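Written below as structure tokens is the structure these notes are about.
The values are calculated or read from the model by the stated rules, or taken from the named source; none is laboratory data. This is a predicted model, so every value here is computed, not measured. Cβ: placed from backbone, ideal geometry, glycine included. Neighbour counts: every protein chain shown.
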Amino acid sequence: MQTIDARGAFCPGPLMELIAALKLSAIGDQIEILSSDKGSAADVPEWVAKVGHKMVGVTDKGDHWSIIVEKAK
């Protein structure tokens, strides 16, 4: 699993980094994005549902969020 550390970046930075990583990934690959921007916890799942990828999980780690997405198409 690829991990993107976007802690300290503000929206839409973490989402843009995820989109770039998904373009380079194969179907079935999972990407974890670490974000300290609380908006990412809502924005990323909303975008994932809109474009048809799979949300694996969103976890509050205290000082940041761990968001795992699986490329579905």
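Only one residue in I4, I19, I27 is among the β-branched types (V, I, T) and touching a Lys or Arg at 6+ places or on another chain (Cβ under 6 Å), so which one is that? Break it down stepwise before answering.
On the way: I4 fails: touching a Lys or Arg at 6+ places or on another chain (Cβ under 6 Å); I19 fails: touching a Lys or Arg at 6+ places or on another chain (Cβ under 6 Å).
Every option except I27 fails the conditions.
Could you list, ordered by first residue, the pairs with Cβ atoms under 6 Å in which the first is in the stretch 50-73 and at pLDDT below 95 and the second is exposed (fewer than 15 other Cβ atoms within 10 Å of the Cβ) and part of a loop (DSSP other than H, G, I, E, B), at least 6 apart or interchain?
K73/G52
Out of the stretch 43-69, which residues are outside any helix (DSSP H, G or I), crowded, with 17+ Cβ neighbours inside 10 Å and of a type outside the set (A, V, I, L, M, F, W, C)?
H53, H64
Pick from the stretch 36-49 the residues that are modelled with pLDDT of 95 or more and among the aliphatic types (A, V, I, L, M): which of them is farthest from E17 (Cα to Cα)?
Result: A49.
Specify which of the listed residues (A9, A26, A72) is buried (at least 16 other Cβ atoms within 10 Å of the Cβ), of a type in the set (A, V, I, L, M, F, W, C) and part of a loop (DSSP other than H, G, I, E, B). If you could, list the steps in order and put the result at the bottom.
Values: A26 fails: buried (at least 16 other Cβ atoms within 10 Å of the Cβ); A72 fails: buried (at least 16 other Cβ atoms within 10 Å of the Cβ).
Selected residue: A9, the only one of A9, A26, A72 that is buried (at least 16 other Cβ atoms within 10 Å of the Cβ), of a type in the set (A, V, I, L, M, F, W, C) and part of a loop (DSSP other than H, G, I, E, B).
Against the condition assigned to a helix (DSSP H, G or I), of a type in the set (D, E, K, R) and surrounded by fewer than 14 Cβ atoms within 10 Å (Cβ to Cβ), how does K38 come out, does it pass? Steps first, answer last, please.
On the way: assigned to a helix (DSSP H, G or I): no; of a type in the set (D, E, K, R): yes; surrounded by fewer than 14 Cβ atoms within 10 Å (Cβ to Cβ): yes.
Taking the combined requirement at face value, the residue does not satisfy it.
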